[in-house]
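Novice: Starting off with a structure, shown below.
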Amino acid sequence: MPRWLLPEAIEDILPDDAAALEVLRGRLLERFRTHGYQLVIPPLLEYVESLFKGSGRDMDVRTLRLVDPISGRMMGLRADITPQVARIDAHLLNRVGVARLCYCASVAHALPADFNSTREPIQLGAELYGHAGIEADQEIIALLAESLQAVGVAIARIDLGHVGIFSALTDAARIGPEASEDLFDALQGKDGPTLRTLVRDIGEPCRSAFVTLLDCYGGPEVIDRARARLPELPGIAAALDDLGRIASALADHAMGIDLADLRGYHYHTGVVFAAYVTGLAQAIALGGRYDDIGRLFGRSRPATGFSLDLRTLTRIVPAEPRRGTIVAPWKDEHACAPSLDKVIEQLRARGEIVIRPLPGEEIRAEEVGGDRRLVLRDGAWRVEP
């Protein structure tokens, strides 16, 4: 096997793509900063007990493990940064009021999400802790929409769902944790035949209600349809009220309702959402409310947020004109000329790329993007094609 061969679904990021990705990362994090979201950088490795808390079985199968040679305990390469940020909010920051946090870092997946996915996404996200009201969900969804628009990506629609509806039905039907996981997976996968098999022994009206969730998809009018078709349970009524308020507050965006959309790592507890863009089948970003995750770290805090894969986003962001490179002489051989070092320093301070070929180095313009030269003409250094 060649030594340079990478594992399946793992790839390098080469200069042009790396530059575009870094520019995009900086623009989005700066956008978050201006909205009050502070950057955190969690560790790549943690003990698995911390990584798995409240995350469900899909996180378990996604996580790569290794034994810590110092402690002998099992560690994991993070597959999702949200539990880590929840730990930071609960144990390290320990703030009384609202905390707005953001992050951008690589995660590792044991298996790719689908045949076209990387096993090393670059997860970028924003999270808001400490406010239980629906206004926090509105802020997070608006931040996602505004941030994507700011980098030239138009959202085709944002689909809203609510885990509270599913929870109300499982509680009313007295369904245990393992059976709930199976129902959750069937709904998330929009697997009607499996869902009907799973609910066949559940009493009415919950049996029909689970199947009805698959049909509750469309525009905001779905909320009224769901009120008419789903059981009159307090949890369902509250969830539909939440969805109605968000759809109304964000009416400037294309909002959809999908009550079977239970995306995430099983830790969501309230509103969930998925953002879609034209030309991409899968959601570009996922998010929602996950109030219980802080309790699992010893401090219960309301929480909501979103995340996306920066690699995927970079591929659909409109390409910016590439900045060309200026090729400068290795040294100034004219004693009477202005300082070459000073001129190069001024050019670089303006954001220009300036390369000084080493002695004997042959610059290939096509490899470095060279489109101009720094030449001494009429006693002054000039940039020419």
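Any read-out appearing in this document is the output of simple, stated calculations on the displayed coordinates, not a laboratory observation. Small disclaimer: the values here were computed from a predicted structure and weren't measured. Using ideal geometry, Cβ is built from the backbone for each residue, glycine included, and neighbour counts are taken over all protein chains shown.
Novice: Quick one: what Rg and Dmax do you get for the stretch 80-218 from the alpha carbons, in Å?
Specialist: 18.6, 50
Novice: Roughly speaking, what % of Cα-Cα pairs in the stretch 325-384 are separated by over 12 Å, rounded to a whole number? Don't jump to the answer; show the numbers that get you there.
Specialist: On the way: 1171 of 1770 pairs.
Above the 12 Å cut-off, the stretch 325-384 has 66 percent of its Cα pairs.
Novice: Check which residues have an amide H placed less than 5 Å from L64's amide H, if you skip close sequence neighbours.
Specialist: Distant-sequence amide H within range of L64: L77, A110.
Novice: Enumerate the amide H contacts of I353 below 5 Å, restricted to partners 5 or more residues apart or on another chain; note that Pro and chain-start residues carry no placed amide H.
Specialist: I326
Novice: Let me ask another. So between D182 and A110, what do we pick up on full extension, going 0.36 nm a residue minus the alpha carbon distance? The partial results should precede the final answer.
Specialist: On the way: separation 72, 0.36 × 72 = 25.92 nm, distance 2.16 nm.
Result: 23.8 nm gained on full extension.
Novice: Could you list, bin by bin from short to long, the percent of Cα-Cα pairs of the stretch 103-150 in 5 Å steps?
Specialist: Going from the shortest bin to the longest, the percentages are 5, 17, 17, 16, 16, 17, 10, 2.
Novice: Using +1 on the beta carbon of Lys and Arg, -1 on that of Asp and Glu, and nothing else charged, what's the dipole of the chain about the Cα centre, debye to 20?
Specialist: On the way: 44 positive and 55 negative charges, 128 e Å.
Charge dipole, the chain, about its Cα centre: 620 debye, nearest 20.
Novice: What size of dipole, in debye to the nearest 20, comes out for the stretch 102-206 about its Cα centre when the only charges are +1 on Lys and Arg C-beta atoms and -1 on Asp and Glu C-beta atoms? Intermediate results must be reported in sequence, preceding the final value.
Specialist: Values: 6 positive and 16 negative charges, 50 e Å.
Dipole size: approximately 240 debye.
Novice: While we're looking at this one, here's another question. Taking Cα centroids, how far is the stretch 253-322 from the stretch 134-172 in Å?
Specialist: 7
Novice: While we're on this one: Which one of V222, T325, G189 is farthest out on the positive end of the charge dipole of the chain, using unit charges on Cβ (Lys, Arg +1; Asp, Glu -1) and the Cα centre as origin?
Specialist: Selected residue: T325.
Novice: Can you run phi through the Karplus equation (6.51, -1.76, 1.60; θ = phi - 60°) for the stretch 9-19 and list ³J(HN,Hα) in whole Hz, with x for Gly and Pro?
Specialist: Here the 3J(HN,Hα) series is 6, 10, 8, 6, 10, 7, x, 4, 5, 5, 5 Hz.
Novice: Next question. Suppose R0 equals 41 Å; then what is the FRET efficiency for L39 and S208 from their Cβ-Cβ distance, rounded to the nearest 0.05? Each step should come with its number before you reach the end.
Specialist: Working: r = 47 Å, r/R0 = 1.15.
That pair, L39 with S208, gives E of 0.30.
Novice: Between D171 and E146, what is the FRET efficiency for a Förster distance of 30 Å, r being their Cβ-Cβ separation, to the nearest 0.05?
Specialist: That gives a FRET efficiency of 0.25.
Novice: Further question: If one computes the Cα centroid of the stretch 1-51 and of the stretch 185-252, what distance in Å separates the two points?
Specialist: One Cα centre to the other: 36 Å.
Novice: Between E135 and R299, with labels modelled 7 Å along Cα→Cβ, what's the label distance in nm to one decimal, could you check?
Specialist: 2.3
Novice: For E46, which sequence-distant residues (separation of 5 or more, or a different chain) have an amide H within less than 5 Å of its own amide H, given hydrogens modelled in the peptide plane?
Specialist: Answer set, sorted by chain and number: G76, R78.
Novice: Let me understand the stretch 191-311 better: what is its radius of gyration from the alpha carbons, and its Dmax, in angstrom?
Specialist: Cα-based Rg and Dmax for the stretch 191-311 come out at 15.8, 46 Å.
Novice: Arrange I246, I355 by Cβ neighbour counts within 10 Å, fewest through most, would you? Each step should come with its number before you reach the end.
Specialist: Details: I246 24, I355 16.
Least crowded to most crowded, the residues run I355, I246.
Novice: What do you get for Rg/Rh of the stretch 207-270 when both radii come from the Cα atoms and Rh is the Kirkwood radius?
Specialist: Numbers: Rg = 11.8 Å, Rh = 12.4 Å.
Ratio of gyration radius to Kirkwood radius: 0.95.
Novice: Using the Karplus equation 6.51 cos²θ - 1.76 cosθ + 1.60 (θ = phi - 60°), what ³J(HN,Hα) coupling, rounded to whole Hz, does each residue of the stretch 116-131 give in order, writing x for Gly and Pro?
Specialist: 10, 9, 7, 8, 10, x, 9, 8, 10, x, 9, 9, 10, 10, x, 10
Novice: Could you rank the peptides 223-236, 70-83 by their average count of other C-beta atoms within 10 Å per residue, with the highest value first? Write down the numbers at each step before the final one.
Specialist: Details: 223-236: 15.7, 70-83: 18.1.
In decreasing order of mean packing, 223-236, 70-83 become 70-83, 223-236.
Novice: Find the Cα radius of gyration of the chain, compare it with 2.2 N^0.38 Å by division, and give the number to two decimals. Write down the numbers at each step before the final one.
Specialist: Working: Rg = 25.9 Å, N = 385, 2.2 N^0.38 = 21.1 Å.
For the chain, the normalised Cα radius of gyration is 1.22.
Novice: In addition: Show me, for the stretch 243-259, the HN-Hα J-couplings you get by feeding each phi into the Karplus relation (A = 6.51, B = -1.76, C = 1.60, θ = phi - 60°), rounded to Hz, glycine and proline as x.
Specialist: Once rounded to whole Hz, the list reads 5, x, 5, 5, 4, 6, 5, 10, 5, 5, 9, 6, 9, x, 10, 9, 6.
Novice: Could you give the semi-axes, largest first, of the ellipsoid that matches the stretch 156-252, computed as the square roots of 5 times the alpha carbon gyration tensor eigenvalues and rounded to whole Å? Walk me through the numbers on the way to the answer.
Specialist: Values: eigenvalues 112, 42, 27 Å².
Semi-axes (√(5λ), whole Å): 24, 14, 12.
Novice: For S71 and L6, calculate 0.36 nm times their separation in residues minus their Cα-Cα distance, and state this gained length in nm to one decimal.
Specialist: Values: separation 65, 0.36 × 65 = 23.40 nm, distance 2.96 nm.
Net length gain for the segment: 20.4 nm.
Novice: Additional query: Just tell me the longest site-free run in the chain, where the sites are chymotrypsin sites (Phe, Trp or Tyr not before Pro) in a DSSP loop having at most 15 other beta-carbon atoms within 10 Å. Write down the numbers at each step before the final one.
Specialist: Values: sites that count: W4, F115, W330.
The answer is 116-329.
Novice: What percent of all Cα-Cα pairs in the stretch 280-383 falls in each 10 Å bin, counting up from 0?
Specialist: Result, from short to long distances: 12, 26, 17, 13, 14, 13, 5, 0 percent.
Novice: Take E384 and E366, extend 7 Å from each Cα along the Cα→Cβ direction, and tell me the distance between the two endpoints in nm.
Specialist: Rounded to a tenth, the inter-label distance reads 2.5 nm.
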